[in-house]
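The values are calculated or read from the model by the stated rules, or taken from the named source; none is laboratory data. Quick caveat, the model's predicted, so the values are computed rather than measured. Cβ atoms come from the backbone with ideal geometry, glycine included; neighbour counts cover every protein chain shown. Just the protein is used for accessible areas: all its heavy atoms, side chains included, with ligands, DNA and RNA removed. Shrake-Rupley method; radii C 1.70, N 1.55, O 1.52, S 1.80 Å.
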Amino acid sequence: MARWFLYVFFYSLAGCALEKLYARATHSSRQIRKCFLLLPLCPVYGLAMATVLAVAGPADGFLRLALVGGLICTGVEYLVHLFYEAVFGVCFWDYSLLRGHVQGRICPRFALIWGVLSAIAVRWVHPAVAAIAEQIPPELVFLLWVVLAADCVLTAEVLLHSRDTQQLTLRAVLAQTRASSQSEMS
């Protein structure tokens, strides 16, 4: 169980880094995109890769890995989008301007990208990730669980009150806290 948690954690972290690289490369106006208040994590990547790893392995051919990975990652992406909308009333991504999109939640272009990236990850990245995960002591895994749980609670609180993903920065939370304190004093 601990190693699967570490896989989700690592791929969520790698996904956040990938988002930042993509935002810079495309000169996106949304340079600070993450899904947690404190931790630089995008859990859709971690959940998708854990699912791919549970279903496929490096012995599978690259094309099969890409096909299975693309389908799984796109399915997870759709479900996570639904969850964010239903529970928090927020939207972290919107593909509605891209050809072939489904309700702005998924699109063929990114399904293809997720497929290729997941195949690369299963074949060449995950063996190193698995080796590192085996070396992490249980105490550190527990600490990561606690920190992630605390961040989940804080993130949920911010999203439920603001319904705005742009509020997922410490600066925004501190500004809101100051504003609330000043209005209570008045």
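Confirm whether residue 53 is over 12 Å from the mean Cα position of the chain (by Cα), of a type in the set (A, V, I, L, M, F, W, C) and closer than 22 Å to residue 144 by Cα. Walk me through it before giving the result.
Values: over 12 Å from the mean Cα position of the chain (by Cα): yes; of a type in the set (A, V, I, L, M, F, W, C): yes; closer than 22 Å to residue 144 by Cα: yes.
It is true that residue 53 is over 12 Å from the mean Cα position of the chain (by Cα), of a type in the set (A, V, I, L, M, F, W, C) and closer than 22 Å to residue 144 by Cα.
Considering only residues that are small (Gly, Ala, Ser), under 12 Å from the mean Cα position of the chain (by Cα) and surrounded by fewer than 21 Cβ atoms within 10 Å (Cβ to Cβ), look in segment 14-49 and name the one that is farthest from residue 168 (Cα to Cα). So that I can check it myself, show each step before the final result.
To start, the set of residues in segment 14-49 that are small (Gly, Ala, Ser) comprises 14-15, 17, 23, 25, 28-29, 46, 48.
Of the ones still in play, those that are also under 12 Å from the mean Cα position of the chain (by Cα) are 14-15, 17, 46, 48.
If we keep only those that are surrounded by fewer than 21 Cβ atoms within 10 Å (Cβ to Cβ) too, we end up with 14, 17.
Working: 14: 18, 17: 16 Å.
Taking the candidates together, the pick is 14.
Give the residues of segment 129-142 that are more than 20 Å from the chain's Cα centre (by Cα) and part of a helix (DSSP H, G or I), sorted by residue number.
Taking segment 129-142 first, the residues more than 20 Å from the chain's Cα centre (by Cα) are 131-132, 134-140, 142.
The answer is 131, 132, 134, 135, 138, 139, 140, 142.
Checking the conditions here, which among 114, 145 is part of a helix (DSSP H, G or I) and open to solvent by less than 50 Å² (accessible area, probe 1.4 Å)?
On the way: 145 fails: open to solvent by less than 50 Å² (accessible area, probe 1.4 Å).
Only one candidate passes the filter, namely 114.
Every residue in segment 161-182 that is surrounded by 13 or more Cβ atoms within 10 Å (Cβ to Cβ) and of a type in the set (Ser, Thr, Tyr), please.
162, 165, 169
Examine segment 5-23 for a residue that is over 26 Å from residue 133 (Cα atoms), at pLDDT 95 or above and assigned to a helix (DSSP H, G or I), and state whether such a residue exists. Walk me through how you get there before you give the answer.
In the first step, residues of segment 5-23 are kept if they are over 26 Å from residue 133 (Cα atoms); the result is 22-23.
Narrowing the set further to residues that are at pLDDT 95 or above leaves none.
Scanning segment 5-23, I find no residue that is over 26 Å from residue 133 (Cα atoms), at pLDDT 95 or above and assigned to a helix (DSSP H, G or I), so the answer is no.
Residue check: is residue 157 farther than 20 Å from residue 77 by Cα, under 21 Å from the mean Cα position of the chain (by Cα), part of a helix (DSSP H, G or I) and of a type in the set (D, E, K, R)?
Numbers: farther than 20 Å from residue 77 by Cα: yes; under 21 Å from the mean Cα position of the chain (by Cα): yes; part of a helix (DSSP H, G or I): yes; of a type in the set (D, E, K, R): yes.
Answer is yes for this residue.
Residue-by-condition table, conditions (1) outside any loop (DSSP other than H, G, I, E, B); (2) open to solvent by 40 Å² or more (accessible area, probe 1.4 Å); (3) aromatic (Phe, Trp, Tyr); (4) within 19 Å of residue 15 (Cβ to Cβ):
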position: 64; (1), (2), (3), (4): yes, yes, no, no
position: 70; (1), (2), (3), (4): yes, no, no, yes
position: 80; (1), (2), (3), (4): yes, no, no, yes
position: 93; (1), (2), (3), (4): no, no, yes, yes
position: 97; (1), (2), (3), (4): no, yes, no, no
